[in-house]
1. Evaluate the following for residue 92: is it within 24 Å of residue 176 (Cβ to Cβ), surrounded by fewer than 20 Cβ atoms within 10 Å (Cβ to Cβ) and among the polar types (S, T, N, Q)?
2. Identify all residues within the range 62-80 that are surrounded by 14 or more Cβ atoms within 10 Å (Cβ to Cβ) and either touching a Phe, Trp or Tyr at 6+ places or on another chain (Cβ under 9 Å) or not in a helix (DSSP H, G or I) (or both); write none if there are none.
3. Within the set of pairs 6+ apart or on separate chains, which have a first residue in the range 46-61 that is in contact (Cβ under 8 Å) with a residue 60 or more places away in the chain and buried (at least 17 other Cβ atoms within 10 Å of the Cβ), a second that is of a type in the set (Gly, Ala, Ser) and in a loop (DSSP other than H, G, I, E, B), and C-beta atoms under 7 Å apart?
4. Being crowded, with 16+ Cβ neighbours inside 10 Å, of a type outside the set (A, V, I, L, M, F, W, C) and either within 19 Å of residue 160 (Cα to Cα) or touching a residue at least 12 places away in the same chain (Cβ under 8 Å) (or both): is that true of residue 83 here?
5. When the range 116-148 is examined, which residues are found to be under 13 Å from residue 170 (Cα atoms) and crowded, with 19+ Cβ neighbours inside 10 Å?
6. Out of the residues in the range 27-61 that are of a type in the set (A, V, I, L, M, F, W, C) and assigned to a loop (DSSP other than H, G, I, E, B), which is nearest to residue 181 (Cα to Cα)?
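Bear in mind these aren't lab numbers, they're just calculated from the coordinates by the rules spelled out. As the structure is a prediction and not an experimental result, all values here were calculated from the model. Don't worry about glycine lacking a Cβ; one is built from the backbone with ideal geometry, like all the others, and counts go over all protein chains shown.
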Amino acid sequence: MTNEAAMPNNALARRAMIDSQLRPQGVTDRAVLAAMASVPREDHVPAEARDFAYFDRAIPVDGGVMLPPTPLALLLNAAAPEPGQKALVVGSAPAYAAALLRAIGLVTTEANASAPIDSAAGPFDLILIEGAIADLPASLSDALAPGGRLVTGLVENGVTRLAIGRKAGGGVVMTSFADSEIAMLAAFTRPPAFTF
C-alpha cells in the first residue's frame, strides 16, 4: 500500500475518532477538535502502530506511552487553550500533544517526564502532564503563571481521575472532572508510606 492510498483512510480515521470517540465524551472545544482533525496522529507513533493510531488506547512510543485520544482531548478541552499562550507539555511521549497545542496557536515547550523539569522557559499559561501523577512537584507549580491551568491524571485512593488545577495564592488547587485509566508517570509516583 502506498502513502497516497493510506492518506484518505487516515483522514477518515481522524474524522471517526472525533465523531465516535471525542464528541460523545463531551469534547466540545472547537479549537481542540480542529487540531485533532488536522494533526496526523499516525506521524507520532512507531510504524508498527500506525494501523491503530486512532483507536482509543495508549500506544507505546520510545520507551514511553502516548495517551489515548479521548483522555487527551478531555484534558485539552478542560484546559481551554488559547492562541498565543505559552504551554509546557510533560510526558514520556509529549510530541503529539505538543503538536496539537501548536496547531491551536500556542507556543509550546516539551519535557520528558523522566528528566528534570527546566522551568526557566516559564512561566506557562498551561501545563499539560500527559499521564497520571500522585504528587505535583513544586517545580511545576512554580512554573505555572498566576491564573494558569494545569491538566493531568490525578491518582486519588487508587483511582485515576482527569483533573484541572488553577494557580492561586502560590499553589495549584486541583479539581477532578472524569474517571480515566491513563498510565501513571513513574517520575510522579508518591514514595510508599509506612502504615499499620
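1. No: the conditions fail for residue 92.
2. Correct list: 64, 65, 66, 67, 68, 69, 72, 74, 78, 80.
3. Hits for this filter: 58/183.
4. On the way: crowded, with 16+ Cβ neighbours inside 10 Å: no; of a type outside the set (A, V, I, L, M, F, W, C): yes; either within 19 Å of residue 160 (Cα to Cα) or touching a residue at least 12 places away in the same chain (Cβ under 8 Å) (or both): yes.
No; evaluated as a whole, the condition is false for this residue.
5. The answer is 140, 143, 144, 148.
6. Restricting to residues being of a type in the set (A, V, I, L, M, F, W, C) and assigned to a loop (DSSP other than H, G, I, E, B), the top hit is 58.
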